[in-house]
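The values are calculated or read from the model by the stated rules, or taken from the named source; none is laboratory data. The structure presented is a predicted model; accordingly, all values stated were derived computationally and were not measured. For neighbour counting, all protein chains shown are included, and Cβ atoms are generated from backbone atoms with ideal geometry for every residue, glycine included. Side chains included, ligands, DNA and RNA excluded: accessible areas come from the protein's heavy atoms. Shrake-Rupley method; radii C 1.70, N 1.55, O 1.52, S 1.80 Å.
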Amino acid sequence: MPLNEVQLRTLTSAIDRIVPADDYPNASEAGCLDFLVRLIELEHLEDTYRAGLDGLEVEAQRSGRSFADLSPEQQDDLIRKCEVMIRRTGWEVSPRQFVELLARQTIEGYYSDPGNGGNRGGIAWKMVGFEVRG
């Protein structure tokens, strides 16, 4: 079963905090969302991602707002808080392990071969000065 609308909004917001925009695009603008959605399906990680994204949403709702509706600073604080949590009510997976997985796979998508769905237009490679010569 694919991610629902709330989970996709949470995922997009979370990856855009892991790789925020500066002089270069944020994670979702660089194609990481497409990369992750494809990777989640290929590696059968749907249950893990659904549980982790639902856990982030539960944490955000403790403040009365959806994760995607929090300010960038509040999202950063919540993600940092989850990085040190091992177990927490409202989570079906370890918050820390989920955030580690999400961060690792977001970075993979940001710097991956553009043929894998992330790093749209090779933007991350250009950022680090890597140029493919053909």
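Brief remarks on what is shown
- Here the dipole of the chain is about 220 debye; that uses its Cα centre as origin and unit charges on the Cβ of Lys and Arg (positive) and Asp and Glu (negative).
- The stretch 55-133 - charge dipole about Cα centre, Lys and Arg +1 at Cβ, Asp and Glu -1, debye rounded to 20: 80
- Applying 1/(1 + (r/R0)^6) with r as the Cβ-Cβ distance of ILE86 and LYS126 and R0 = 30 angstrom yields a FRET efficiency of 0.20.
- Taking all Cα-Cα distances within the stretch 13-77, those exceeding 16 Å account for 54%.
- Excluding ligands, DNA and RNA, the accessible surface per residue across the chain is 56 Å² with a 1.4 Å probe.
- Sparse packing (at most 13 other Cβ atoms within 10 Å of the Cβ) combined with a DSSP loop state is found for the following GluC sites (Glu not before Pro) in the stretch 74-134: GLU92, GLU131.
- Over the residues of the chain, the helix contribution to mean residue ellipticity at 222 nm works out to -18000 deg cm²/dmol, using -39500 (n - 2.57) for each DSSP H run of at least 4.
- Element breakdown for the chain at a 1.4 angstrom probe: carbon and sulfur atoms account for 50% of the accessible area.
- Going through [x] 9.9; [y] 10.3; [z] 8.3, the figure that equals mean projected area of the Cα convex hull in nm² as computed for the structure here is [z].
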